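Trainee: Have a look at the structure that comes next, please.
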Amino acid sequence: YGLAEEGTDRVCLAFGQIRDGKNLDLFLRAMTRLPGNVKLLMAGTGGAASSRPPEFYRQLAGELGVRRRCAWDLRRIPEEEVGDLFAACDCVLLTYSARFRSASGVLSTAVAARKPVLASSGEGPLKKAIREYGLGVWVEPDSVDALVGGFERLQTDPPRPDWEGYLRDHSWKRNAEVVGRELFG
């Protein structure tokens, strides 16, 4: 993607559906306060009809003066290319709004790739997983200041993730056992 110069740049990946609830506009604003070696790779498809189109984010990056620090791969990413995207990044953005109270499929991909996350959300499984397994830095949602501070913490005090614990506790087998107990006692 031509973003990173070996060993100097820090590439953040925003992966999957590009939609308003992921607060990508706030991360673009945060980039104006982060060092010039912080880059953003947005990879995925446009969001729902109720969300702003991906072009909105590209235009905002230009208005904010960070467009040259961004790369865009705006398509459905074939499964065989996903690993390369995660290998190209230093961290994964899961910067959801406070209204988001669910889990994130992208988190499991980040864990499999051993990439820490910068995350925010409302109360729910995402926040719990980030904190319980130390998978990255969780920040208060909907705040440029929190994103700036969280990214800085990722750099100065990197997490010590329990990758194996997360994978063990969130495997298909484990989930089937939990659902089975809930359904059948």
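The values are calculated or read from the model by the stated rules, or taken from the named source; none is laboratory data. Fair warning: this is a prediction, and the values are worked out from it, not measured in the lab. Cβ: placed from backbone, ideal geometry, glycine included. Neighbour counts: every protein chain shown. For accessibility, only protein heavy atoms count, side chains too; no ligands or nucleic acids. Shrake-Rupley method; radii C 1.70, N 1.55, O 1.52, S 1.80 Å.
Trainee: Just wondering, is there one or more residues in the stretch 33-54 that are open to solvent by 10 Å² or more (accessible area, probe 1.4 Å), assigned to a helix (DSSP H, G or I) and modelled with pLDDT under 95?
Mentor: Yes, the stretch 33-54 has at least one match.
Trainee: Scanning for something aliphatic (A, V, I, L, M) and within 20 Å of residue 23 (Cα to Cα), does the stretch 157-175 turn up at least one residue?
Mentor: No: zero hits.
Trainee: Please pick out the residue among 154, 167, 147, 183 that is open to solvent by 80 Å² or more (accessible area, probe 1.4 Å) and either among the hydrophobic types (A, V, I, L, M, F, W, C) or modelled with pLDDT of 95 or more (or both).
Mentor: None of the others qualify; the one that does is 183.
Trainee: Restricting the stretch 95-109 to residues that are farther than 19 Å from residue 25 by Cα and assigned to a helix (DSSP H, G or I), which is least open to solvent (accessible area, probe 1.4 Å)?
Mentor: If we take residues in the stretch 95-109 being farther than 19 Å from residue 25 by Cα and assigned to a helix (DSSP H, G or I), then 107 is least open to solvent (accessible area, probe 1.4 Å).
Trainee: Got at least one residue in the stretch 74-88 being closer than 15 Å to residue 38 by Cβ and open to solvent by 10 Å² or more (accessible area, probe 1.4 Å)?
Mentor: yes
Trainee: Which one is most open to solvent (accessible area, probe 1.4 Å) among residues in the stretch 128-141 that are more than 16 Å from residue 114 (Cβ to Cβ) and in contact with a helix residue (DSSP H, G or I) (Cβ under 7 Å, 6 or more places away or on another chain)?
Mentor: This residue is 140.
Trainee: While we're on this one: Please give the number of the condition residue 63 fails out of (1) at pLDDT below 95; (2) farther than 22 Å from residue 88 by Cβ.
Mentor: (1)
Trainee: Can you give me the number of residues within the stretch 116-127 that are more than 23 Å from residue 54 (Cα to Cα) and open to solvent by less than 40 Å² (accessible area, probe 1.4 Å)?
Mentor: So the count comes out to 5.
Trainee: Going through 67, 58 one at a time, which residue ends up being without any contact (Cβ under 8 Å) to a residue 24 or more places away in the chain, open to solvent by less than 70 Å² (accessible area, probe 1.4 Å) and more than 17 Å from the chain's Cα centre (by Cα)?
Mentor: Only one candidate qualifies: 58.
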